[in-house]
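Written out below as C-alpha cells is the structure these notes cover.
None of the figures in this text is laboratory data; all of them are computed from the coordinates on show. What you are looking at is a predicted structure, and each value in this text was computed from that prediction instead of being measured. Counting neighbours? That spans all protein chains shown, and the Cβs are built from the backbone with ideal geometry, glycine included.
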C-alpha cells in the first residue's frame, strides 16, 4: 500500500516539476523589455496604420551585386552613411562598427549596411578596398553605392538619419554620425551616435535584445 501511495505521488510530482521548469525557462528567456519604434506611423488603409518602415530600394555593394529589401529579408541590421575619403567622423564610426561586426559575425540574422554619401568617388572597387581595410571580406557588412538622389532620399525619408531638406543634387551633402537599428519588419528600433563608444555599447546590447525578442516570438508562435 505504501509503495502504491509513493507511486501516485510520483505521478503528481513529475508534471508539477515539468510545469515549474517550463515556466522558469519562459521567464528566463522572455525579454525583460522591448525596444521602441521610431518614426511617424503610416496609414495603409482606413483604420489601419503601421509603424514607419524602410521603403524599397536598389543599390550596389562592394561585391558589385544588387542589394534590395530582398537581400535583407529576415535580417536585423545596422545602417549608416559615410564616405571613404572622410578624415573626420567616418574613420571613428567605422572603427566602432568593427566592434559590432566582430560581436555578431556568427549571427546569420544580423548585418551591417553602410551607404556612401559620395557615390561619384566611392565606386565599387573603392568600396571593396575600403571594406578590406576594415577587415570585411564577407557579405555580413555591405558597403553600398548608387544614384545620389536615391541614396539621399532614403537617408532622409527612410532611415530618418538627416532632417535637412535636399534633392541629392551636386550641392547637397549629408554628413551624419548617427546609426539606425532596423528590425526584420524594416522598422527603426533605435538611433545611436556612431562616434561614442558608450553608444556603441548600447547598440550592441540593443541588438542582443532584439535577437532575443525574435527568438522568443518564434518559440512561442508554435
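Quick look at the numbers
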| item | result |
| --- | --- |
| Which of 189, 99, 156 has the fewest Cβ neighbours within 10 Å, and the rest in rising order | 99, 156, 189 |
| Residue 85-residue 216 pseudo-label distance in nm [points 7 Å out on the Cα-to-Cβ vector] | 4.8 |
| Contour minus Cα-Cα distance for residue 172 and residue 70 (0.36 nm per residue) | 33.8 nm |
| Inter-probe distance in nm under a simple model that places probes 7 Å from Cα toward Cβ, at residue 120 and residue 209 | 4.2 |
| 88, 61 arranged by Cβ crowding within 10 Å, fewest neighbours leading | 88, 61 |
| For the range 42-220, diffusion coefficient by Stokes-Einstein and Kirkwood Rh (Cα), 37 °C, 0.692 mPa s, µm²/s | 197 |
| Relative exposure of 49, 95, judged by other C-beta atoms within 10 Å (fewest first) | 49, 95 |
| Extension reserve of the residue 34-residue 106 stretch, reckoned as 0.36 nm per residue once the Cα distance is removed | 23.6 nm |
| Spin-label pair residue 43/residue 133, simplified geometry with 7 Å Cα→Cβ offset, distance in nm | 4.8 |
